[in-house]
1. Calculate one ³J(HN,Hα) per residue across segment 467-479 by plugging θ = phi - 60° into the Karplus curve 6.51 cos²θ - 1.76 cosθ + 1.60, and present them in order as whole Hz with x for glycine and proline.
2. Among the listed pairs 190/613; 22/84; 287/613, which are separated by more than 18 Å between their Cα atoms?
3. Sort 643-650, 127-134 by the packing proxy (mean of other Cβ within 10 Å over each peptide's residues), most packed first.
4. Can you give the FRET efficiency for residue 95 and residue 518, using 1/(1 + (r/R0)^6), R0 = 30 Å, r = Cβ-Cβ distance, to the nearest 0.05?
5. Once segment 293-419 is represented by equal point scatterers at the alpha-carbon sites, with solvent omitted, what log10 I(q)/I(0) does the Debye formula produce at q = 0.09, 0.20, 0.22, 0.23 Å⁻¹?
6. Loop-only check: which trypsin sites (Lys or Arg not before Pro) in segment 422-502 are DSSP coil with at most 16 other Cβ within 10 angstrom?
7. If we sort 198-210, 42-54 on the protection proxy, mean other Cβ atoms within 10 Å, highest first, what's the order?
8. I'd like the Karplus ³J(HN,Hα) series for segment 241-248: coefficients 6.51, -1.76, 1.60, θ = phi - 60°, whole numbers in Hz, and an x wherever there's a Gly or Pro.
Amino acid sequence: MAILYLLSFFLFIYSVGYTSKKIAQPSLTEWLITSFILFVGSIIPTGFVLSALDLTANVPAWIAGNFIAIGLHFALWSKLLPGKPIFSVRAIISNRFSTFKLWARELSPYLKFIFVMMFGTLTIIGITNLILVLFTVPNEWDSMTGHLNRAVRYIQRGTMEHFGGTNWNMDTYPKSVTTIQIYSYLITGKVENAFKLIHHLAFWVTLISVFGIAQRIGRNLSASFFCALAYSMFLNFLMQAVTTETDIVLTAYLSCLMYFIFTFYSTRDNRYLYLAGMAFGIVFGHKITFAFLLPSVFVLMIYAVFISPNLKIFFDRFIKLAIAIFLAVLIYTLPTGYIKNMQVFGHPIGPPTALKHQSVERFGTVRNLLKQGTRNVFRYSYEFFNLDGIRNAQWGYDLNTQIRKPIVVLEDKMHLRLDEETTYAIVPFSFQRHFDNYNANPYWGVFGFALILPLLVLVFLRIFSSRVHWFLALAFILDFIAISYSAVYDPFKGRYFIEPGLFGVLFLLLLFSNHRLSIIKPRRRIWKGYVLIVVVLACTSAIMAVFLNIRSLPFPAYGAESALKMDRIKYQTFARPDITKAYETYDSIVPQDAVVALATINDDFEYPLYGAKLSRRLISINPFEKGLQPIPKDADYLFYDRSVVNDTSKIKALPTDFRLGSDTISAKYRGLAVKGEDYYLRKLK
């Protein structure tokens, strides 16, 4: 059956590509972007329908549903674009390959060296990341507690309905990306690493979109390649290519939306308004943090869509885009869980406890919001100025410390007290962040502080003139403000700056188009040398970020073994090493087909408890904020935290319960962000 499933998957991919040819212009970039939007745009609503029918785990239903969805897309677009000829993808690939060879041959020695280095770096990190995706299991914190934990639970239950998980994200997080993960897992014959398919695909789709957007704005092949290659080395983006974290998928959706907006500006073709509306609904249904980006997206729409020769044209564009967004929101946004959250929690995001933990509500008064949000602007600005990637090594750390000394002194002279006020923070700000923070969650790297941000500020202040870049600068600033003022400081917010990176990277176009900044003009040795140094450092940092990523090491480093050889439980609990022994003991005792009742807490890693085949059935009996529930009759084992099940709880701890062996006393684990619980196991049958 697994072979038949894979054949159906490839047939579905072919159908998506064929339908895309019905929509896209004869452009390889546009065909790939449109295919991606059709791919996710077919799977997501299929997942919602199957969930309502309790068929989430039914593979034939997924196959039929996706073919029906792509068939509906074909019929709809055939009606919207009647008589459009279908082009040959093979002919376009051949043409683009010839164009690439001609472009490469005509490059100056200076640019040839830069592009060989950048393409070479992308090849190295691309191959390495693909190996890590194929041969390592997921191990990100949020996936261990929420995202993948609930994906398996939905499969076991046959529906994506609310069920009362231990971690609040299991019920409240938007479900659109989960539908794609479930489909990928089931259609590949339950290959666990297929959970990463959409995230790794998002990496490459985003690079294609950046290239396409740059082409629409600058119409310069060298500049477009430079922007796409530079973005591949934005470290917060690059690091998520091997994970199941959700921000990289949001970035891919946003990049597609931006491509359609700017392509409409270039062509004035209404199909791109319809595609932009579809992408808008998909991205809003993916994650609520897209709300932070709404002002920025609106600014880009003003530039590319709403500035019109007259009111008639304005209203025509506005109505078409508004209808497309409205329909897409109905299909892709509302069913993803926001309405259910309103019904259950009274808020589209989730329960009040979670909101108060890291939302704007934690600031209290408006006056304090303005004060602390302004502090966050400075804090996040300071964190951009780091040699991320390079400082993973000791020599890089020492170099980073030296180059940052002037801005640390500046902060002291200005009496900002950024690291002294610690109340309004998830983790207090520090000029030298913990290794775990900057290793796993870096920012843009050297491209950001050495080139892009200075250019962005200079364009916004109109020292360099570029109309489109002024709007991009405004879009970036609005998103930066939204991130800073929407929640208390969090060192892991580096991942939120992936999306505004799409606005920022396009400022590199100025290196090829602005006569005062151009690196293609003769002479200018100092400026060209500076850009070359930045590129060398960026390539170095990208390789070091991948090869020294403690979360997923391709080769042994820091005294740790390669992720490719690490034991499954040890790898999945690397962020919680104090619980590794307990989980290994549990895994050696509990059969793979057992039913296990879980009396755990919000921060516990539950995903590793399913086992290597994800075949154990887990039942949460301490759901978020609902209190301890009775042990189900069909449970074979009880896995519990001593803090949950004790002498005073509804379920009493017994002398015969087996202590699994969490290390709760060793000094080497005192610096962990969250310490593990004391876990016990009880055999019920």
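The values are calculated or read from the model by the stated rules, or taken from the named source; none is laboratory data. Remember, it's a predicted structure, so these values are computed and weren't measured experimentally. Note that each Cβ is placed from the backbone with ideal geometry, even for glycine, and that neighbours are counted across all protein chains shown. Note: areas computed on protein heavy atoms with side chains; ligands, DNA, RNA excluded. Shrake-Rupley method; radii C 1.70, N 1.55, O 1.52, S 1.80 Å.
1. 4, 5, 6, 5, 5, 5, 4, 4, 4, 5, 4, 4, 6
2. Too far apart for the 18 Å limit: 287/613.
3. Descending packing order for the listed peptides: 127-134, 643-650.
4. 0.60
5. Values returned for q = 0.09, 0.20, 0.22, 0.23 Å⁻¹ are -0.58, -1.10, -1.19, -1.24.
6. Of the trypsin sites (Lys or Arg not before Pro), the ones in loops of segment 422-502 whose Cβ has at most 16 other Cβ atoms within 10 Å are 462.
7. Taking the mean over residues of other Cβ atoms within 10 Å, the ranking is 198-210, 42-54.
8. 5, 10, 10, 10, 6, 8, 5, 5
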